[in-house]
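Computed from the coordinates by the stated procedures, all read-outs in this text should not be read as laboratory data. Everything numeric here is computed off the predicted structure, so don't read it as measured data. Methodologically, a virtual Cβ is constructed for each residue, glycine included, from the backbone with ideal geometry; neighbour enumeration extends over all protein chains shown.
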Amino acid sequence: MLNNSRYAPLMLKLAGIKNRQARANQVSVGLARPGFPYLRVAGGSKILVYLPGLSDAFASPGEYPHAYAGIMPELCETHTIYFLGRSSQRPPGMGLTNLIEDIDVAIKSTLIREKPDEPVVDIAGTGIGGIAALALAAHKPDNIGRVSVNSAAHRLSGEGKDIVAHWLELATAQKWIALSDSMANVSFTGFRRSFNKTMARILLPIGSGIPESPERLMQALQAMMAADLGAHLAKIQVPVQIVGGAMDPLFKPEIMEEAAELIPYSDLLMFGSAAHGLAIEKRKDFEAEMTSFFQEKISD
């Protein structure tokens, strides 16, 4: 989803995400070590760190804090949510291993800042953020509670690798309209697919919808193509929720089923009529499922 800063709030509204106005002390932005921009939505005493997908390269968290204020309101009853962007201070070509090292540092700095009763955060992630969340649970488990990933698994499907390789070619050539069209085809169904394509044709020629950081986008695409955590999923000893769209060509149902089989404590939920952008297309149901998963821990 191309949600560049000039029209991100409009895209969020028309995609079905309710934009609620928040009090000044509910939403804040900042920078976590080592250079990760974050958007903090105040809530309960538990902490959830949300790792974004490719959209982070188009509009980093903190651009429009109030656009996020109404996301997952029920989860905010128990959790304070950090939407964590990727660092702009890291060198080009940084792969998944370096990314999770950096995120681990950011999580520890968040824990120091929040001083929760227990040094644990829950993790959620979309796309490349979901892959990173699984990698964290496998390799950096000390501060990880529960993990929920959507539109993500341990590796891309074969078709998914071809699509992402094509996106990398388009990004390298700066063919932003073609990239937007391809991303819309993969992410959405019905009117949202048509809407995204139309908006791109209107706004891209005037510079809106172009990535703030093409380098960060290409870096994320390369990391997605290279990722394969299959040999490491059995190390994950925390509960994991995997939420997918049956029409997602990047992470096909069989890939998500494979991940669920390899992770010792996992739940798999598939939305039959959703594609890669299920978190937007099925927002209400998706948020309810994720909230229920994370709040099970509270009532145990």
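Only sites in a loop by DSSP and with at most 15 other Cβ atoms within 10 Å count here; which trypsin sites (Lys or Arg not before Pro) in segment 136-165 make the cut?
none
When the chain is treated as a GNM, springs tying every alpha-carbon pair under 10 Å, which of Gln222, Gln241, Gln26 comes out with the largest mean-square fluctuation?
Result for the chain, Cα springs under 10 Å: Gln26 fluctuates most.
Of His154, His166, His276, which is the most mobile in a GNM of the chain whose springs link Cα atoms less than 10 angstrom apart?
Maximum fluctuation in the GNM of the chain, among the listed residues, is at His166.
In 10 Å bins starting at 0, how do the alpha-carbon pair distances of segment 24-156 split up by percent?
13, 48, 34, 5, 0
Taking every pair of distinct Cα atoms and averaging 1/r, then inverting, what Kirkwood hydrodynamic radius in Å comes out for segment 8-299?
About 18.9 Å, per the Kirkwood formula over Cα pairs.
Among Ile280, Ile163, Ile206, determine the one that fluctuates most according to a GNM of the chain built with springs between C-alpha atoms less than 10 Å apart.
Of the options given, Ile206 has the highest mean-square fluctuation.
Treating segment 144-300 as a set of equal point scatterers at the Cα positions, no solvent, please give the Debye-formula log₁₀ I(q)/I(0) at q = 0.20, 0.21 Å⁻¹.
The Debye formula, applied to the Cα set alone, gives -1.29, -1.35.
Residue separation times 0.36 nm, minus the C-alpha to C-alpha distance between Glu212 and Ser45: what's the value?
56.8 nm
Mind giving me the nanometre distance, one decimal, between the label points for Asn185 and Glu296, set 7 Å out from Cα along Cα→Cβ?
It works out to 3.7 nm between the two label points.
Using alpha carbons only, how many angstrom separate the centre of segment 241-290 from the centre of segment 123-180?
Cα centroid to Cα centroid, the span is 13 Å.
Evaluate E = 1/(1 + (r/R0)^6) for Ser109 and Lys161, where r is the Cβ-Cβ distance and R0 equals 45 Å; express this FRET efficiency to the nearest 0.05.
For Ser109 and Lys161, the calculated efficiency is 0.85.
Can you list residues whose amide H is under 5 Å from Lys140's amide H, if they're 5+ apart or on another chain and H is modeled 1.01 Å from N?
Under 5 Å from the amide H of Lys140: no residue qualifies.
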